[in-house]
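The numbers here are math on the coordinates, done by the rules we state, and not lab data. Just so we're clear, the structure is a prediction, and the values are computed from it rather than from any experiment. Cβ placement follows ideal geometry from the backbone for every residue including glycine, while neighbour counts extend to all protein chains displayed.
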Amino acid sequence: MSSSRPYTIVCPQCEAEQEVELYDAINVQEAPALRDELMANQLNAVTCPHCGFQYRVDKQLLYHDPERRLMIYWFPGQEGEYRQNRDLFLQTLQAIDSALPDEFDPPTVHLVFTRTELIERIYLLEADLNERVIEYIKYMMYSRNLERLDPRSKAILFNAEDSNDQALCFVTQNLETMQLEEMLEFDRKAYEGLMEMFDQDDQTAQLMELFPGPHISARALLLDSNADATD
Ligand SMILES: [Zn+2]
């Protein structure tokens, strides 16, 4: 079920206080229009009744696609807050888990921290791709091109639109300017090869160790190991 409730917020332009209705959760099977709104950058968009300023409120949101057994939780925050937010998310999940009957098998909840990650993950899972293997491919792309693709300043995003039967497409994003820069391709046969390789128990374990979740991100993994190395 989708759910929304009134929030009192302050317009970032004129600072007028206003009460607006914002979504906490969307079920895109029941309400496909809400998926369209999200993709069009219109979900939780507000027009200030005082000054007419239009803006988007980035807040915690549960994206639910029951047909695909897909749940993604968007927990917006600054990069420095990721670890803390991940821990809060895990605590909440544990609380939900212990409140559920034993026989209930809850779907995996993906955790994302930015709107870009949310949209990317939706496209990825709708294309029946494995998020850990895709992040592993990004991890290789970063590791082989550390000079050019510094995870501190560049994100690699999966590009569903240009991907086809032959190639999976990625695009790099400059995180200072937010501009998309370079197209990268990965042979789909090589992806299938990785899927087969990671299907073996010992390899699955290695992939799980690299990306235990709930936030599965090659860039975050590289930044984390950098941070640990300089601690
Ligand atoms: Zn205003």
Just Glu19, Glu135, Glu192 to compare: in a GNM of the chain, with alpha carbon springs under 10 Å, which one fluctuates most?
Glu19
Which of Thr114, Thr108 has the fewest Cβ neighbours within 10 Å, and the rest in rising order
Thr108, Thr114
Cysteines without a disulfide-compatible partner in the chain, using Cβ under 4.7 Å as the rule?
Cys169
Enter the mean projected area of the convex hull around the alpha-carbon atoms of region 80-128, in nm², rounded to one decimal.
4.4 nm²
Using a 7 Å offset from Cα along Cα-Cβ at Gln91, what residues in region 190-231 end up with backbone N under 18 Å from the label point?
214-215
Report the residues of region 123-143 in range of a label on Arg188: point 7 Å along Cα→C-beta, backbone N strictly under 17 Å from it.
123-131, 134
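Name the helices (complete DSSP H segments) of the chain with a Cα length along the long axis of 30 Å or more and a Kyte-Doolittle mean of at least 1.0, or state none.
none
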Calculated FRET efficiency, Val57 and Ala205, Cβ-Cβ r, R0 41 Å, to nearest 0.05?
0.50
Total charge dipole magnitude, region 126-172, about the Cα centre, Cβ charges on Lys, Arg, Asp, Glu only, Debye to nearest 20:
400 debye
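Where the only charges are on Cβ atoms (+1 Lys, Arg; -1 Asp, Glu), what is the dipole of region 60-230 about its Cα centre, to the nearest 20 debye? If you can, show how the numbers build up before the last one.
Values: 15 positive and 33 negative charges, 107 e Å.
Using Cβ point charges on Lys, Arg, Asp and Glu, region 60-230 gives about 520 debye.
Among Ile96, Ile119, rank each residue by its count of other Cβ atoms within 10 Å, from fewest to most, as a rough exposure measure.
On the way: Ile96 11, Ile119 20.
So the residues, fewest neighbours to most, are Ile96, Ile119.
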Using alpha carbons only, what's the Rg to Rh ratio of region 1-47 with Rh from Kirkwood?
1.05
Using the 10 angstrom Cβ neighbour count as an exposure proxy, how do Phe186, Phe53, Phe158 rank, fewest first?
Phe53, Phe186, Phe158
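Say R0 is 30 Å: what FRET efficiency, to the nearest 0.05, do Ala40 and Arg152 get from their beta-carbon distance?
Details: r = 31 Å, r/R0 = 1.02.
Between Ala40 and Arg152 the formula returns 0.45.
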Between Val171, Ser217, Tyr136, whose Cα lies farthest towards the positive end of the dipole of the chain when Lys and Arg beta carbons carry +1 and Asp and Glu beta carbons carry -1, centred on the Cα centre?
Val171
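Given just the C-alpha atoms of the chain, how large is their convex hull per residue in cubic angstrom? All intermediate terms of the calculation are to be shown ahead of the outcome.
Values: hull volume 39.4 nm³, N = 231.
Spelled out: Cα convex hull of the chain, divided by residues, is 171 Å³.
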In whole Å, what is the distance between the alpha-carbon centres of region 34-55 and region 1-32?
9 Å
Please report Rg over Rh for region 96-231, where both radii come from the alpha carbon positions and Rh follows the Kirkwood definition.
0.99
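Across the chain, where is the longest run that never hits trypsin sites (Lys or Arg not before Pro) in a DSSP loop with at most 14 other C-beta atoms within 10 Å?
Numbers: sites that count: Lys59, Arg69, Arg148, Arg152.
Excluding the exposed sites themselves, the longest stretch runs over 153-231.
Over all alpha-carbon pairs in region 13-98, figure out the percentage whose distance exceeds 14 Å. Intermediate values should be presented prior to the final figure.
Details: 2644 of 3655 pairs.
Within region 13-98, distances greater than 14 Å cover 72 percent of Cα pairs.
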The rounded separation in angstrom of the Cα centers of region 82-101 and region 118-187 is 28 Å
Among Ile119, Asn85, Gln203, the residue whose Cα sits farthest towards the positive end of the charge dipole of region 60-230, when +1 is placed on the Cβ of each Lys and Arg and -1 on the Cβ of each Asp and Glu, is Asn85
So, in nm, how far is label Ser143 from label Glu67 when the simple model puts each one 7 Å beyond its Cα toward the Cβ?
3.8 nm
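If you wrap region 183-225's Cα atoms in a convex hull and average its projection over all directions, what's the area in nm²? Walk me through the numbers on the way to the answer.
Values: hull surface 15.9 nm².
Computed as one quarter of the Cα hull surface, the answer is 4.0 nm².
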